[in-house]
Amino acid sequence: MSTPDPRTSSDPLAAEPPAGGPTGGPAVEPLPLLRTRAVDVIRDGRHLLRGIDLAIHPGEHWALLGPNGAGKSTLLALLGAVSHPTRGEVDVLGRRLGRVDIRELRAHLGHVNPRHPLRSPLTVREVVLTGVTNTIEPDLHRKPSPEELDRAEQLIDTLGMAASAESAWTTLSQGERGRALIARALMPSPRLLLLDEPATGLDLTARELLLDSLDLLRHQHPELASVLVTHHLEELPESTTHALLLRGGETVAAGPVDAVMTTGLVSATFGHPIRITRHEGRWTARAAARRTPEA
């Protein structure tokens with residue numbers, strides 16, 4: 001199916017095609033929320049990404065994995081309509097980058113940046129409400145509606161932050177900030193949530209609380225799609241459905257998570273023998289055992 005021409009509509013969330021054809025014929029596959037075709041990104045003559053093909057549909061939860069310098073952040077910037085490819089096509093919510101005002105698209109994407117630049121002592125509730133206007137500080141000329149206040153409370157509860165709703169941002173732990181930022185990103189009801197290494201720097205308890213919150217969130221919002229960037233398999237929620245492995249800016253493998261997250265493919269991605277195991281829906285990775293030198 002061809003991608004809708006972005007010049008025919010200014011709405012980046014135009015309705016998807018109906019499930020059946022116009023005469024009740026075979027069902028039409030819905031457009032992916034994100035699609036890249038033969039994408040290259042070149043900076044200073046160096047390929048940061050090369051030949052990336054990807055399609056993400058509603059309800060899919062992708063893990064984007066690879067070593068440092070693999071191109072994960074570069075790809076996430078494309079998916080979040082923050083930058084443009086050097087070559088190839090990127091469609092975000094059915095609109096082609098380069099043919100649409102990317103500010104329109106960003107308003108409908110939930111992008112969680114752990115380096116949120118807030119410095120003032122806003123409460124958790126106030127931080128979450130800034131997601132409505134996509135601003136760092138509250139818009140003093142705009143009062144939240146009762147519906148927005150209710151949604152903020154629901155998200156704060158879902159992310160396990162109800163007891164901290166009145167706590168100041170400056171007093172929160174890094175894990176609490178991460179969960180507050182996810183709630184903030186979900187305020188505009190985005191169809192896609194982008195998470196850039198959300199568990200970085202968290203201790204074990206904070207990481208597990210974050211991953212449990214993501215699993216609950218995905219269960220409560222089955223239409224939501226997400227992309228989570230990490231280079232640690234232990235930071236993947238149970239609800240992960242798909243994975244893309246990157247090495248040197250190129251795809252090693254992409255597809256359903258059980259087919260991609262294998263010992264052979266992950267070892268090829270990280271350039272080292274790594275044994276992958278999965279227990280109760282969670283992954284662990286260990287380097288292959290080295291022989292102890294004989295005495």
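No value in this document is a laboratory result; all are computed from the given coordinates. Source: prediction; values computed, not measured. Neighbour counts are summed over all protein chains in view; Cβ atoms, including those assigned to glycine, are modelled from backbone coordinates with ideal geometry.
Assuming charge only on the beta carbon of Lys and Arg (+1) and of Asp and Glu (-1), the dipole of the range 140-215 about its Cα centre is about 340 debye to the nearest 20. Summing Cβ point charges (Lys, Arg +1; Asp, Glu -1) relative to the Cα centre of the range 163-295 gives a dipole of roughly 320 debye. Dipole size of the chain about its Cα centre, with +1 on Lys/Arg Cβ and -1 on Asp/Glu Cβ: approximately 980 debye, rounded to the nearest 20.
Per-residue ellipticity at 222 nm for the chain, helices alone: DSSP H runs ≥ 4 residues times -39500 (n - 2.57), over residue total, nearest 500 deg cm²/dmol? Result for the chain, helices only: -7500 deg cm²/dmol. Available extension along the chain between A268 and A38 is 80.6 nm, counting 0.36 nm per residue and deducting the alpha carbon span. Between beta-carbons, use under 12 Å as the cut-off and find the net charge around A77, counting Lys and Arg +1, Asp and Glu -1. Here the count lands on +2. Note on the chain: with a GNM built from Cα contacts shorter than 10 Å, the maximum mean-square fluctuation among A63, A77, A180 falls on A77.
Shape index of the range 135-217: Rg/Rh, with Rg the Cα radius of gyration and Rh the Kirkwood radius from the inverse mean 1/r over Cα pairs, equals 0.96. For the range 198-275, the convex hull spanned by the alpha carbon atoms encloses 106 Å³ per residue.
The C-alpha radius of gyration of the range 56-173, expressed as a fraction of 2.2 N^0.38 Å, stands at 1.26. Using the Cβ of T86 as centre and a radius below 14 Å, the other residues enclosed give a net charge of +2, where K and R count +1 and D and E count -1. With the convex hull of the Cα atoms taken as the outline of the range 80-138, the averaged projected area works out to 4.9 nm². Size descriptor for the range 33-119, Kirkwood hydrodynamic radius: 13.8 Å (Cα pairs only, one decimal).
For the range 159-295, the orientation-averaged shadow of the C-alpha convex hull comes to 11.4 nm² (one quarter of the hull surface). Averaging the sequence gap over all C-alpha pairs within less than 8 Å and six or more residues apart, then dividing by the number of residues, gives the range 91-217 a relative contact order of 36 percent. Both numbers refer to the Cα atoms of the range 33-82; Rg and Dmax are 11.3, 37 Å.
Across the chain, the relative contact order, built from alpha-carbon pairs under 8 Å that are at least six residues apart, equals 21 percent.
Can you tell me which of 114-124, 48-58 comes out highest on packing, and rank the rest after it, using the mean Cβ neighbours within 10 Å?
Ranked by mean Cβ neighbours within 10 Å, highest first: 48-58, 114-124.
Within the set (i) 20.4; (ii) 19.1; (iii) 23.0, the number that Kirkwood radius over Cα pairs in Å takes when calculated for this structure is listed as (i).
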